[in-house]
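Below you'll find the structure, written out as structure tokens, and then a few comments.
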Amino acid sequence: MKMKKLSLIIIGLFVGIMLRAQVPNFPYPFKPQTDADYENVQSQAVDCMKWFINTPISKYSDSFVSVYNFLLIWTAGVKTIPLTFDIGTAAPLLEEKNEQNGSYYITAYISGMVLYQIQHPTQNDPAALQLEGIRAVIKFYENNSDQLEPSKAINKYRELNNNGKLDSWVGENLTRN
């Protein structure tokens with residue numbers, strides 16, 4: 001009987017360690033002082049952005065908020081990745097009064113754009129950048145639909161995407177400077 005309890009405890013510890021291991025490594029708390037502080041953790045930020053977009057909140061609820069906070073600080077301060085948050089294509093999301101989850105959606109949008117820009121450093125296509133932001137929001141929403149309030153904006157993006165019209169919609173709604 002004692003061996004069985006010990007085995008269960010060891011299995012529980014192993015599973016706990018394995019679950020924690022699936023959360024990306026990142027500096028927390030992240031308190032950058034210089035531009036180099038952002039650049040030094042870029043690969044960790046990339047891992048966190050992918051994880052944030054693709055991981056259900058409920059799976060790692062304790063770690064999720066820490067990753068989210070790290071991404072807020074990192075994406076707001078990194079200067080080496082040029083981004084333009086287009087008001088025309090993001091308008092449905094920005095106009096929605098979804099205070100509970102709105103910042104999660106914006107973080108997913110920005111993460112999608114950053115990931116695209118990092119993977120395509122010489123590209124300067126504003127439509128492609130916005131598309132990746134929208135696609136990231138859709139993926140985040142679909143991975144967390146059981147945890148988040150329904151979003152008319154994201155459902156609009158999803159419908160456009162499912163009907164093969166998202167690319168043309170972004171092209172038509174992109175704000176021209």
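All of the numbers you see were taken from the coordinates with simple rules; none came from a lab. Just so you know, these numbers come straight off a predicted model, no measurement behind them. Note: ideal-geometry Cβ built from the backbone for every residue, glycine included; neighbour counts use all protein chains shown.
Counting only residues that are free of Cβ contacts under 8 Å to residues at least 60 places away in the same chain and surrounded by 22 or more Cβ atoms within 10 Å (Cβ to Cβ), how many does region 91-106 have? Explain how you work it out, then say what you get.
Kept after step one, since they are free of Cβ contacts under 8 Å to residues at least 60 places away in the same chain, are these residues of region 91-106: 94-106.
Going one step further and asking which of them are surrounded by 22 or more Cβ atoms within 10 Å (Cβ to Cβ), we end up with 105.
Residues in region 91-106 being free of Cβ contacts under 8 Å to residues at least 60 places away in the same chain and surrounded by 22 or more Cβ atoms within 10 Å (Cβ to Cβ): 1 in total.
For the structure I just gave you, tell me whether GLU132 is acidic (Asp, Glu), surrounded by fewer than 12 Cβ atoms within 10 Å (Cβ to Cβ) and out of contact with any Cys (no Cβ under 6 Å at 6 or more places or on another chain).
Numbers: acidic (Asp, Glu): yes; surrounded by fewer than 12 Cβ atoms within 10 Å (Cβ to Cβ): no; out of contact with any Cys (no Cβ under 6 Å at 6 or more places or on another chain): yes.
It is false that GLU132 is acidic (Asp, Glu), surrounded by fewer than 12 Cβ atoms within 10 Å (Cβ to Cβ) and out of contact with any Cys (no Cβ under 6 Å at 6 or more places or on another chain).
Would you pick out the residues in region 112-150 that are among the polar types (S, T, N, Q) and free of Cβ contacts under 8 Å to residues at least 12 places away in the same chain?
Within region 112-150, the first condition is being among the polar types (S, T, N, Q), and the residues that meet it are 117, 119, 122-124, 130, 143-145, 147.
Hits for region 112-150 are GLN119, THR122, GLN123, ASN124, SER145.
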